[in-house]
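Engineer: Quick one: this structure, given as structure tokens, is what I'll be asking you about.
The values are calculated or read from the model by the stated rules, or taken from the named source; none is laboratory data. Computed from a predicted structure; not experimentally measured. Here the Cβ is made from the backbone with ideal geometry for all residues, glycine too, and neighbour counts use every protein chain on show. Side chains included, ligands, DNA and RNA excluded: accessible areas come from the protein's heavy atoms. Shrake-Rupley method; radii C 1.70, N 1.55, O 1.52, S 1.80 Å.
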Amino acid sequence: MTYRITVLGTGYLGATHAACMAELGYEVLGVDVDHAKVTALSEGHVPFFEPELEPLLRKHVESGRLRFTTSYEEAAEFGDVHFICVGTPQRDGEYAADMSYIDATIESLVPKLTRPALIVGKSTVPVGTASRLAARIAELAPGASIELAWSPEFTREGLAVEDTLRPNRVVFGVTSTHAEKVLREVFAPVIDAGSPVVIADYATAELVKVGANSFLATKISYINAMAELCDVSGADVTLLADALGYDERIGRQFLNAGLGYGGGCLPKDLRAFMARAGELGAEETLTLLREVDAINLRRRQKVVDVTADVLGNQWVGKRVAVLGAAFKPNTDDIRDSPALNVAGRIHLHGAMVSVYDPKANDNARRSFPTLRYAESVMDACRGAHVVLHLTAWQEFRELDPAVLGEVVAERNVVDGQNCLDRPTWRAAGWTYRGLGRS
Ligand SMILES: NC(=O)C1=CN([C@@H]2O[C@H](COP(=O)(O)OP(=O)(O)OC[C@H]3O[C@@H](n4cnc5c(N)ncnc54)[C@H](O)[C@@H]3O)[C@@H](O)[C@H]2O)C=CC1
Ligand SMILES: O=C(O)[C@H]1O[C@H](OP(=O)(O)OP(=O)(O)OC[C@H]2O[C@@H](n3ccc(=O)[nH]c3=O)[C@H](O)[C@@H]2O)[C@H](O)[C@@H](O)[C@@H]1O
């Protein structure tokens with residue numbers, strides 16, 4: 001059977017999911033409440049930077065297989081399978097996730113459905129959400145053939161198309177064999193290509209997602225705690241991570257020490273998990289995650305402290321070049337960006353901060369308008385007393401320190417990502433400071 005698919009919420013996750021579902025051969029309708037986003041997507045334009053997404057989107061928009069709308073009536077009429085991809089951000093002033101967008105999708109869609117449907121949650125949610133929504137669906141449409149499943153998403157920004165088309169696993173949280181059958185059919189192309197399938201209850205499916213992100217965050221905070229020890233003992237955290245990573249039980253990925261993690265997911269998912277663990281009385285979970293978060297946040301101050309040390313604790317009159325604004329390379333996403341957080345703190349100390357990012361300058365300017373934004377690395381570094389390398393873009397890794405040395409006031413570099421070639425920079429006369437590898 002071929003299904004018609006809607007994707008509710010077309011941000012980073014939903015726009016990618018919609019284009020990839022079209023690539024798998026389905027007719028897809030993307031739905032968003034943001035008119036400007038719907039207009040841009042309908043014209044084949046992705047309103048954010050994600051490698052490989054725009055050509056894929058344009059191809060399917062032009063063929064007519066992929067359309068976008070703001071109308072839930074149209075979505076209800078069109079779809080057999082409805083994917084929920086709206087945001088679940090941290091609530092203002094709290095750790096818990098804001099579930100209002102998720103709730104709104106159910107309230108908008110379900111009363112308008114006139115034929116059987118499977119609603120599939122993909123957004124990241126606190127454990128217990130799916131059973132709560134299933135009960136709400138039964139209230140809104142008693143007796144109707146409307147089912148709910150939860151299938152969390154594990155894509156990484158910057159690699160989202162590849163991750164969606166070739167996921168390392170698919171997880172289906174279901175309460176019926178019918179829902180499992182539909183999902184197996186919808187995802188048949190990826191399952192047939194070798195992605196393992198995990199069939200689970202709602203709660204387990206929800207926990208796989210937050211469990212995965214919390215584990216990744218824990219791994220990063222672990223190596224950052226080791227970086228602190230390396231600083232005081234003279235060891236090198238990069239070498240340590242390489243050696244640890246050869247043990248397959250540990251693995252080298254997510255053992256890069258530095259500025260700590262950021263982004264629209266790891267930080268807020270960890271905090272939402274903490275909030276939920278607290279509500280459910282899971283003290284051990286809460287204790288562990290609280291430390292992971294605290295270690296992570298201290299990394300930002302650590303970069304500020306190292307910079308202060310390099311500048312002889314003099315901020316006023318000093319120029320600081322910040323290379324990077326996105327929370328990681330290959331995206332223009334600045335949500336909870338460690339780089340911008342550090343730039344903001346240094347600006348508040350009174351130094352003159354000049355930020356450059358290959359893709360995220362515009363987003364950064366909108367959120368941090370008081371910082372100065374440069375058009376190039378050279379522009380950012382001109383006259384700088386210290387250069388901070390805070391987002392590991394390839395462009396920054398390939399910089400020639402001898403050339404850059406010609407424009408700065410002083411040859412000081414703080415490598416917040418621990419990935420510049422230290423010997424090359426030192427050979428070019430720079431004072432190099434890493435984090436956990438001084
Ligand atoms: N960004 C990513 O790579 C990944 C995100 N996730 C999860 O996916 C969810 C979405 O994240 P992002 O795409 O990053 O957020 P986002 O903020 O980029 O996109 C959310 C979209 O939902 C729209 N929206 C809000 N209310 C709506 C409604 N009632 N109906 C239709 N659309 C509505 C917004 O206008 C926005 O376009 C979150 O739960 C996140 O944790 C999971 C895996 C990867
Ligand atoms: O739930 C989500 O939205 C997604 O969150 C993360 O993906 P993403 O936020 O795109 O970014 P990551 O590649 O995980 O990086 C997160 C942060 O950790 C930092 N990081 C990563 C690896 C490392 O070794 N050290 C480190 O500090 C990165 O610089 C970045 O700030 C997960 O990796 C995805 O599996 C998940 O689907």
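Engineer: Report, ordered by the first and then the second residue, all pairs with beta carbons closer than 6 Å, sequence separation of six or more or different chains, a first member in the range 82-100 that is at negative phi and free of Cβ contacts under 8 Å to residues at least 60 places away in the same chain, and a second member that is near ligand 1 (Cβ under 9 Å from one of its atoms) and open to solvent by 40 Å² or more (accessible area, probe 1.4 Å).
Structural biologist: Final answer for the pair search is Asp98/Pro89.
Engineer: Tell me which of these Ser367 doesn't satisfy, since it passes every other one: (1) more than 22 Å from Gln301 (Cα to Cα); (2) of a type outside the set (Phe, Trp, Tyr); (3) open to solvent by 40 Å² or more (accessible area, probe 1.4 Å).
Structural biologist: Looking at each condition in turn, Ser367 falls short on (1).
Engineer: Kindly indicate which of Ala40, Ala97, Ala15 is more than 9 Å from ligand 1 (Cβ to nearest atom) and either open to solvent by less than 60 Å² (accessible area, probe 1.4 Å) or at pLDDT 95 or above (or both).
Structural biologist: Testing whether each residue is more than 9 Å from ligand 1 (Cβ to nearest atom) and either open to solvent by less than 60 Å² (accessible area, probe 1.4 Å) or at pLDDT 95 or above (or both) leaves just Ala40.
Engineer: Report, by residue number, each residue of the range 346-364 that is open to solvent by 60 Å² or more (accessible area, probe 1.4 Å) and over 20 Å from Phe48 (Cα atoms). Working first, answer last.
Structural biologist: Within the range 346-364, the subset open to solvent by 60 Å² or more (accessible area, probe 1.4 Å) is 347-349, 352, 359, 362.
Correct list: His347, Leu348, His349, Met352.
Engineer: Same structure again: Out of the residues in the range 110-124 that are of a type outside the set (S, T, N, Q) and open to solvent by 50 Å² or more (accessible area, probe 1.4 Å), which is nearest to Arg184 (Cα to Cα)? Lay out the reasoning, then the answer.
Structural biologist: Within the range 110-124, the first condition is being of a type outside the set (S, T, N, Q), and the residues that meet it are 110-113, 115-122.
Adding the requirement that they be open to solvent by 50 Å² or more (accessible area, probe 1.4 Å) leaves 111-112, 115-116.
Details: Pro111: 26, Lys112: 26, Arg115: 21, Pro116: 17 Å.
So the residue we want is Pro116.
Engineer: Within the range 226-243, which residues are assigned to a helix (DSSP H, G or I) and surrounded by 16 or more Cβ atoms within 10 Å (Cβ to Cβ)? Talk me through it step by step, then tell me what you get.
Structural biologist: Initial filter on the range 226-243 (assigned to a helix (DSSP H, G or I)): 226-233, 237-243.
The answer is Met226, Ala227, Glu228, Cys230, Asp231, Val237, Thr238, Leu240, Ala241.
Engineer: Taking the stated definitions as given, is Leu266 open to solvent by less than 20 Å² (accessible area, probe 1.4 Å), at pLDDT 95 or above, within 16 Å of ligand 2 (Cβ to nearest atom) and closer than 30 Å to Gly158 by Cβ? Show your work before the answer.
Structural biologist: Numbers: open to solvent by less than 20 Å² (accessible area, probe 1.4 Å): no; at pLDDT 95 or above: yes; within 16 Å of ligand 2 (Cβ to nearest atom): yes; closer than 30 Å to Gly158 by Cβ: yes.
So Leu266 fails the test.
Engineer: Restricted to the range 306-336, and to residues that are touching an Asp or Glu at 6+ places or on another chain (Cβ under 9 Å) and among the polar types (S, T, N, Q), which residue is most open to solvent (accessible area, probe 1.4 Å)?
Structural biologist: It comes out as Asn330.
Engineer: Let me ask something else. If you take the residues in the range 67-89 that are over 24 Å from Thr124 (Cβ atoms), touching a helix residue (DSSP H, G or I) at 6+ places or on another chain (Cβ under 7 Å) and open to solvent by less than 30 Å² (accessible area, probe 1.4 Å), which one is nearest to ligand 2 (Cβ to nearest atom)?
Structural biologist: Top of the filtered list is Thr69.
Engineer: Looking at Ala282, Ala343, which one is modelled with pLDDT of 95 or more and buried (at least 24 other Cβ atoms within 10 Å of the Cβ)?
Structural biologist: Numbers: Ala282 fails: buried (at least 24 other Cβ atoms within 10 Å of the Cβ).
That would be Ala343, the only listed residue that is modelled with pLDDT of 95 or more and buried (at least 24 other Cβ atoms within 10 Å of the Cβ).
Engineer: Would you kindly identify the strands (runs of 3 or more DSSP E) lying entirely within the range 125-215 that contain at least 1 residues that are over 30 Å from Asn296 (Cα atoms) and open to solvent by 20 Å² or more (accessible area, probe 1.4 Å)?
Structural biologist: Values: elements: 146-150, 170-173, 197-200.
Hits in the range 125-215: 146-150, 197-200.
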